[in-house]
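All remarks here apply to the structure that follows.
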Amino acid sequence: MLSCSIRSLRRLKCCCNKRWSSLILAKGYCFSKPKVVPSFCNTDIKFSRFYVWEQQSSLRQWRRRSLYTVTDTYEAIELALDSVVKIFTVSSSPNYFLPWQNKSQRETMGSGFVIPGKKILTNAHVVADHTFVLVRKHGSPTKYRAEVQAVGHECDLAILVVESPEFWEGMNFLELGDIPFLQEAVAVVGYPQGGDNISVTKGVVSRVEPTQYVHGATQLMAIQIDAAINPGNSGGPAIMGNKVAGVAFQNLSGAENIGYIIPVPVIKHFIAGIEESGKYMGFCSMGLSCQPTENVQLRNHFKMQPHMTGVLVSKINPLSDAYGVLKKDDIILEFDGVPIANDGTVPFRNRERITFDHLVSMKKPNETALVKLLRNGGEHAFTITLQPLQPLVPVHQFDKLPSYYIFAGLVFVPLTQPYLHEYGEDWYNTSPRRLCELALRELPKRAGEQLVILSQVLMDDINAGYERLAELQKLWWTGQERQRN
């Protein structure tokens with residue numbers, strides 16, 4: 001059987017003490033077979049033995065998880081109470097219109113939890129642009145000073161350390177688990193707005209797929225749940241069984257009870273990079289812009305056989321290792337032996353699919369990948385070294401002051417998206433159109449290249465008549481080379 005029967009659950013209930021039994025009955029939990037029973041098959045000849053083993057392994061995991069009881073959930077929450085902390089942050093963001101000064105200080109609160117090694121894991125946006133960080137244990141009135149050890153703004157994760165031995169007395173660490181299956185229950189623990197004490201909300205997994213991370217503006221895997229995630233919940237753990245299934249980090253505005261948690265593979269990738277190199281390394285990218293090949297005429301034009309599937313390469317980042325290997329109009333058929341569908345997805349767990357970008361992002365920096373492609377009707381295989389890539393116009397500039405140069409009252413600054421954000425929430429429509437297009441679509445041609453603009457003119461006798469040049473001139477800057485447009 002794929003799930004425990006009512007009789008088995010009655011046995012489990014009787015084995016519990018009266019307190020837990022009354023809680024189960026009072027809450028009105030219903031135990032029954034799931035409406036959709038996972039089925040695993042290996043009839044697709046394109047799947048390798050690895051996928052057959054992975055599906056069988058997933059089935060075993062699903063069977064084990066289906067035996068969890070409500071008692072396990074409450075025990076996990078009791079464990080989390082000795083691990084989850086409240087974080088108090090004082091931050092000050094730069095003023096990109098006046099880069100020589102900062103904005104007013106502001107106080108924010110978030111959540112975090114203890115992981116092995118006497119470290120606290122939380123969200124990067126909880127401690128972004130921080131000047132002072134304090135943490136408080138559950139049930140304690142004392143706040144302890146914390147230091148930010150590492151931050152990954154792309155994945156919205158950060159690690160804090162507390163030097164006080166008193167803080168670690170009675171604290172337990174939480175272990176990382178696996179990616180939950182659809183409809184599995186998770187409990188989100190944290191300190192959301194509306195109160196000062198710890199809060200626990202429960203929900204189920206609704207979706208697992210790459211999602212836009214609002215803080216870092218990157219596309220990484222995320223888990224959608226129907227538990228409420230409010231300001232202050234950020235950084236708190238999502239508990240499944242007795243392990244962490246993810247870290248709460250954002251919700252969907254305008255919708256009810258749609259929250260997102262960062263899954264364990266992204267967390268492990270972040271932590272492993274710090275342990276190996278001592279600093280955050282980032283997530284790899286191939287630097288490609290790809291187009292689906294679902295159109296029949298498009299497939300015929302590029303001589304794709306009926307059994308072939310893949311995506312069309314439309315643009316390649318010059319800083320990527322793929323720039324010297326792949327060519328425009330190549331059809332990528334496989335990535336590390338995994339076939340890519342015409343819509344750009346690859347197999348993921350039980351009859352689920354996920355974009356192949358996830359496979360790329362989970363690679364460690366300087367790791368290689370075998371890419372099989374179709375070029376001019378012939379199949380080829382190339383090895384590509386993967387590494388994190390920086391855009392021409394930085395997407396974020398957290399935890400550092402912007403650079404600027406003033407000459408004769410002319411203020412020059414590098415163009416960044418935070419600079420455009422100063423135009424307001426609707427910056428895409430209110431900021432200068434030409435600068436916005438450059439920020440979103442222009443690719444770097446050399447490493448270390450910057451796009452420098454004349455942001456404003458500080459009026460003086462020496463620059464009279466130049467006041468209209470603001471935001472009209474741009475300079476490409478690369479090391480010792482300069483090119484003026």
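The values are calculated or read from the model by the stated rules, or taken from the named source; none is laboratory data. As the structure is a computational prediction, the values presented were derived from the model and not from experiment. Counting neighbours? That spans all protein chains shown, and the Cβs are built from the backbone with ideal geometry, glycine included. All accessible areas refer to the heavy atoms of the entire protein, side chains included, with ligands and DNA or RNA removed. Shrake-Rupley method; radii C 1.70, N 1.55, O 1.52, S 1.80 Å.
Do you know the relative contact order of the stretch 288-386, to the nearest whole percent, from alpha carbon pairs under 8 angstrom that are 6+ apart? Here the relative contact order equals 27 percent. In terms of accessible area, using a 1.4 Å probe and ignoring ligands and nucleic acids, Thr89, Thr108, Thr383 rank largest first as Thr383, Thr108, Thr89.
Three principal axis extents of the stretch 174-260 based on alpha-carbon atoms, in descending order, are 33, 30, 21 Å.
Using the Cβ-Cβ distance between Arg375 and Trp427 with R0 = 41 Å, the FRET efficiency computed as 1/(1 + (r/R0)^6) comes to roughly 0.55. In this view, the solvent-accessible surface of Leu176, computed with a 1.4 Å probe and all protein chains in place, comes to about 40 Å².
So for Phe97, Phe167, Phe302, what's the accessible-area order with a 1.4 Å probe, most first?
Largest to smallest exposure gives the sequence Phe97, Phe302, Phe167.
Ser206 contributes about 50 Å² of solvent-accessible surface, heavy atoms of the protein only, 1.4 Å probe.
The shape of the stretch 200-301 can be summarised by an equivalent ellipsoid whose semi-axes, obtained from the alpha carbon gyration tensor, come to 29, 21, 12 Å from longest to shortest.
Hydrodynamic radius of the stretch 405-474 by the Kirkwood approach over all distinct alpha-carbon pairs: 13.2 Å. Compute the label zone of Thr385 within the stretch 317-336: residues whose backbone N is under 11 Å from the point 7 Å along Cα-to-Cβ. Taking a point 7 Å out along Cα→Cβ of Thr385, the residues of the stretch 317-336 whose backbone N falls under 11 Å are 321-322.
The largest accessible area among Leu174, Leu440 belongs to the first residue in Leu440, Leu174, and the rest follow in falling order (1.4 Å probe, all chains). Accessible surface of Asp321, taken over heavy atoms with a 1.4 Å probe and every protein chain present, rounds to 60 Å². Which percent of Cα pairs goes in each bin when the distances of the stretch 245-398 are cut into 5 angstrom slices starting at zero? Result, from short to long distances: 2, 8, 15, 18, 18, 15, 12, 7, 4, 1, 0 percent. Taken over the stretch 330-409, the alpha-carbon convex hull comes to 194 cubic angstrom per residue. Pairs exceeding a 30 Å alpha-carbon distance, out of Lys143/Lys268; Lys143/Lys364; Lys118/Lys202; Lys327/Lys364: Lys143/Lys364. Counted over the stretch 79-168 with a bin width of 5 Å, the fraction of Cα pairs per bin, in whole percents, is 3, 14, 24, 24, 17, 9, 5, 3, 1, 0.
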